[in-house]
Amino acid sequence: MRRDKEPAGEARRSKLAAMTMQIDQRLREHVLHLLRGGGAHLNFDQAMAGLPQHLRGAKPAGIPHSPWRLLEHMRICQWDILNYCVDPDHVSPAFPKGYWPREDGPPSDEAWANSVAAFQADLQAMQDLVADANVDLLAPIPHGQDDHTILREALLVADHNAYHLGQLVVVRRALGAWSDG
């Protein structure tokens, strides 16, 4: 073996480590893209933009949810999933009742604004968690169940938000408060 060259095993380990880091980074980028509402997904700000105040609690005929109920449901679920990931002492609300608001409309403009802000803050916190290279996305959450991982929970947030943002668009269309333009 020539002494001026790195041993073959060392070179392979170095190449494998570089590939693993690249795969990890690409995975994080893809999950962040989903969380932000990228690709074929509508994002939160697009779904909420221009919703008239007087329609926040309106429930179209034949549709079980108002914009307020959907917003609060998404906020509560996202908050629960985020805190499940990071807080071993977190206690989830009772299912399913604890995941939905009681009323169709917000009690005040302030409640609406607070819900929007909390949703956005928790979404950013989930994105920050996924973006943190020190967080192993594939490791089981130490206090979690059934080998749940941060990756699983982040994908759950992205999927759940996409589903209910789509419902919000349907509600807004039924209320005459949506334009595809």
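In this structure, ASP146 does satisfy being over 30 Å from GLY62 (Cα atoms) and either in contact with a Cys (Cβ under 6 Å, 6 or more places away or on another chain) or not hydrophobic (A, V, I, L, M, F, W, C) (or both).
Just need a number here: residues in the range 41-59 that are within 21 Å of the chain's Cα centre (by Cα) and of a type in the set (Gly, Ala, Ser).
Initial filter on the range 41-59 (within 21 Å of the chain's Cα centre (by Cα)): 41-49.
Going one step further and asking which of them are of a type in the set (Gly, Ala, Ser), we end up with 47, 49.
Looking only at that region, the number is 2.
Would you point out the residue of the range 117-126, among those that are surrounded by fewer than 17 Cβ atoms within 10 Å (Cβ to Cβ) and either in contact (Cβ under 8 Å) with a residue 60 or more places away in the chain or in contact with a helix residue (DSSP H, G or I) (Cβ under 7 Å, 6 or more places away or on another chain) (or both), that is nearest to ASN43 (Cα to Cα)? Steps first, answer last, please.
Within the range 117-126, the first condition is being surrounded by fewer than 17 Cβ atoms within 10 Å (Cβ to Cβ), and the residues that meet it are 117-118, 120-121, 124-125.
So of that shortlist, the ones also either in contact (Cβ under 8 Å) with a residue 60 or more places away in the chain or in contact with a helix residue (DSSP H, G or I) (Cβ under 7 Å, 6 or more places away or on another chain) (or both) come out as 118, 120, 125.
Values: ALA118: 16, GLN120: 11, ALA125: 16 Å.
Per the criteria, the residue is GLN120.
Condition check for GLY37 on (1) modelled with pLDDT of 95 or more; (2) small (Gly, Ala, Ser); (3) surrounded by 14 or more Cβ atoms within 10 Å (Cβ to Cβ); (4) not in a helix (DSSP H, G or I): one failure, at (1).
Of the listed requirements (1) part of a helix (DSSP H, G or I); (2) touching a His at 6+ places or on another chain (Cβ under 9 Å); (3) charged (D, E, K, R), LYS59 misses just one: (1).
Out of all the residues in the range 138-158, which are assigned to a helix (DSSP H, G or I) and free of Cβ contacts under 8 Å to residues at least 60 places away in the same chain?
Correct list: ARG152 only.
Within the range 127-166, the set of residues being buried (at least 19 other Cβ atoms within 10 Å of the Cβ) and of a type in the set (S, T, N, Q) comprises ASN161 only.
Within the range 73-91, residues that are hydroxyl-bearing (Ser, Thr, Tyr) reach partners that are part of a helix (DSSP H, G or I) with beta carbons closer than 8 Å, at six or more positions or on different chains, in the pairs TYR84/GLU153.
Go through the range 100-115 and report how many residues are in a helix (DSSP H, G or I) and surrounded by 16 or more Cβ atoms within 10 Å (Cβ to Cβ).
Within the range 100-115, the first condition is being in a helix (DSSP H, G or I), and the residues that meet it are 109-115.
Right, trim to surrounded by 16 or more Cβ atoms within 10 Å (Cβ to Cβ) and you get 111-112, 115.
Going through the range 100-115 one residue at a time, the tally reaches 3.
Summed over the range 37-52, the residues that are touching a helix residue (DSSP H, G or I) at 6+ places or on another chain (Cβ under 7 Å) and touching a residue at least 24 places away in the same chain (Cβ under 8 Å) give a count of 7.
The values are calculated or read from the model by the stated rules, or taken from the named source; none is laboratory data. Note that the structure is a prediction, hence the values are computed from the model and not measured. Please note: Cβ atoms are built from the backbone with ideal geometry, for glycine as well, and neighbour counts cover all protein chains shown.
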